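Peer 1: A single structure is presented below for examination.
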Amino acid sequence: MSALRRKFGDDYQVVTTSSSGSGLQPQGPGQDLQQQLVPKKKRQRFVDKNGRCNVQHGNLGSETSRYLSDLFTTLVDLKWRWNLFIFILTYTVAWLFMASMWWVIAYTRGDLNKAHVGNYTPCVANVYNFPSAFLFFIETEATIGYGYRYITDKCPEGIILFLFQSILGSIVDAFLIGCMFIKMSQPKKRAETLMFSEHAVISMRDGKLTLMFRVGNLRNSHMVSAQIRCKLLKSRQTPEGEFLPLDQLELDVGFSTGADQLFLVSPLTICHVIDAKSPFYDLSQRSMQTEQFEIVVILEGIVETTGMTCQARTSYTEDEVLWGHRFFPVISLEEGFFKVDYSQFHATFEVPTPPYSVKEQEEMLLMSSPLIAPAITNSKERHNSVECLDGLDDISTKLPSKLQKITGREDFPKKLLRMSSTTSEKAYSLGDLPMKLQRISSVPGNSEEKLVSKTTKMLSDPMSQSVADLPPKLQKMAGGAARMEGNLPAKLRKMNSDRFT
């Protein structure tokens, strides 16, 4: 492999394909595999690894005038070379223009020819030509004041021009210096010390298939209120036939639990659990070979030293997501502090990971589960009900003779209880029906249900009065209650006898 890399370069990768041409297959014993060199197809990224967005706006037409309406922001957004060019050009033009105005005043008053006359008072002393007028303007604008060239009180137009020069100079200074200051203080360079791992990995964590990547902060100054977000960019087609290029989907990295709020002191591993709500619900190791997507990661926070908001971005394409890998640990405990080894920041190692998607794993789990479990449960319940009926048969033989006479036949309770068990089985089966059918089936009027309720009521009263069949301990308790009743006054005993008779 290394020899092939040296021969053909890094633009080629080895892909193993089966002889049947059915696609990518893992190498195994008994398979006729061949290796062929396939050139990598260059992937057009939406966001570069350094965070720059590969988007160009074209055919704006008349909309370009909107840039001039916000001139300050336009200048700040320009590149440094254009900012320096505009800075130098603006000052040069302003100085030449104002120097020309002073030269024009001296020329119209005739100061250029009469400057050496002893008793003549010019507008500006010692201004003989354009270079001297330019020097006077620079001395005035920069408040140098050498004292050799100065304005006199015999020139009202010079006083007005001096006021205009002071106002215009302050405006130009505020605009250009402010623009340069804002551009220099932008926290874009702070993002250079925020690191993202070169690859994202997919492996099992806490029993769940998880997409993970790593972030780190190289500076000792913290990122206040650091928050991370992830977007999945993937083209798709709607059921109505509309094609959505670069459709943006949100990847949950802990928004509901607060895990997206980072305390970024040491490198952290950001996790996205792949479940039924995840866009990667159908993603497997095999399907990832044909999928095309891009994961955009956005890290925002406030720079502790300047108080300005900083944003760092990166992205991972499908070929930068490693299936079945995990990051190396980078934090170790030293004497009195924790040490971060950034040499292992991007390193990963392979771990056992199922090659199936979460959807496929759930389907296999359902297929492996017993589908006849409800039927088995119902049969067990029927078996238990039959055993209860057998026990009730024994109880019915112990009923008083008076109750047996009321029923008319001795085997009537057995038959009645079997009927009630059948009714309960029917009620159990109705539980699987819709609610509307359950209401219809539960309408009173069934003769068997009436018979069950009536006979159960008849059975309950004599059985509650029978004490002979109770256990000895309960019989003692019942006898104690009778003794307590014997201690009552005669009037209360009479009242109790009237109630039970």
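The values are calculated or read from the model by the stated rules, or taken from the named source; none is laboratory data. Since this is a predicted model, take the numbers as computed values, not measurements. Positions of Cβ are backbone-derived with ideal geometry, glycine not excepted, and every protein chain shown enters the neighbour counts. Just so you know, the surface numbers come from the protein's heavy atoms only, side chains and all, with ligands and any DNA or RNA stripped out. Shrake-Rupley method; radii C 1.70, N 1.55, O 1.52, S 1.80 Å.
Peer 1: Just the accessible area per residue of the range 189-364, please: how many Å² with a 1.4 Å probe?
Peer 2: Counting only protein heavy atoms, the per-residue value for the range 189-364 is 55 Å².
Peer 1: Can you tell me how the range 189-364 classifies by the Cα gyration tensor, rounded, prolate or oblate, using a/c under 1.5 as the rounded cut?
Peer 2: Here the range 189-364 falls in the oblate category.
Peer 1: Enter the accessible area per residue of the range 77-186 (Å², integer; probe 1.4 Å; all protein chains in place).
Peer 2: 63
Peer 1: Ok, one more. Modelled label-to-label distance, Lys339 and Val55, 7 Å Cα→beta-carbon offset: nm?
Peer 2: Simple spin-label model gives 4.5 nm for this pair.
Peer 1: Keeping the other protein chains in place, figure out the carbon and sulfur percent of the accessible area of the range 189-364, with a 1.4 Å probe.
Peer 2: Answer for the range 189-364 is 51 percent, counting heavy atoms of protein chains only.
Peer 1: Can I ask one more? Quickly work out the Ser65-to-Gln261 label distance, labels modelled 7 Å from Cα along the C-beta direction, and quote it in nm with one decimal.
Peer 2: 4.7
Peer 1: How much length is gained on full extension from Ala174 to Phe243, taking 0.36 nm per residue of separation minus their Cα-Cα distance?
Peer 2: Gain on stretching Ala174 to Phe243: 19.9 nm.
Peer 1: Quote the FRET efficiency, to the nearest 0.05, computed for Arg236 versus Ile138 with a Förster distance R0 of 60 Å and r equal to the Cβ-Cβ distance.
Peer 2: After rounding, the FRET efficiency stands at 0.40.
Peer 1: Give the residues of the range 293-314 whose amide nitrogen is closer than 20 Å to a point set 7 Å from the Cα of Lys189 in the direction of its Cβ.
Peer 2: It comes to 301-313, nothing else.
Peer 1: Another question, then. Kindly write out, for the range 323-328 in residue order, the coupling ³J(HN,Hα) from the Karplus curve 6.51 cos²θ - 1.76 cosθ + 1.60 (θ = phi - 60°), rounded to whole Hz, with x marking Gly and Pro.
Peer 2: 8, x, 10, 9, 7, 6
Peer 1: Once the mean 1/r over all distinct Cα pairs of the range 77-186 is inverted, what Kirkwood radius in angstroms do you read off?
Peer 2: Every distinct Cα pair counted, the radius reaches 15.3 Å.
Peer 1: Over the Cα atoms of the range 68-126, Rg to Rh with Kirkwood Rh, two decimal places?
Peer 2: Radius of gyration over Kirkwood radius for the range 68-126 works out to 1.33.
Peer 1: Residue by residue, what Karplus-based ³J(HN,Hα) values in Hz, rounded to whole numbers, does the range 304-319 have, using 6.51, -1.76 and 1.60 with θ = phi - 60° and x for Gly and Pro?
Peer 2: So the Karplus estimates, Gly and Pro as x, are 5, 7, 10, x, 9, 7, 10, 10, 10, 10, 7, 8, 10, 8, 5, 7 Hz.
Peer 1: Ranked from highest to lowest mean number of other Cβ atoms within 10 Å per residue, what is the order of the peptides 238-247, 203-212?
Peer 2: Packing proxy ranking, top to bottom: 203-212, 238-247.
Peer 1: Sticking with this one: Which value in nm describes the separation of the simple spin-label points at Asp77 and Tyr128, placed 7 Å from the Cα toward the beta carbon?
Peer 2: Once both label points are built, they end up 5.3 nm from each other.
Peer 1: Calculate one ³J(HN,Hα) per residue across the range 256-267 by plugging θ = phi - 60° into the Karplus curve 6.51 cos²θ - 1.76 cosθ + 1.60, and present them in order as whole Hz with x for glycine and proline.
Peer 2: Karplus-based 3J(HN,Hα) across the range 256-267 equals 6, 9, x, 6, 7, 8, 9, 9, 8, 9, 10, x Hz.
Peer 1: Using a 1.4 Å probe on the protein chains only, how many percent of the accessible area of the range 77-186 belongs to carbon and sulfur?
Peer 2: So the carbon and sulfur contribution to the accessible surface is 71 percent.
Peer 1: Full extension from Phe97 to Val117: what is 0.36 nm times the residue separation minus their Cα-Cα distance, to one decimal in nm?
Peer 2: 4.4 nm
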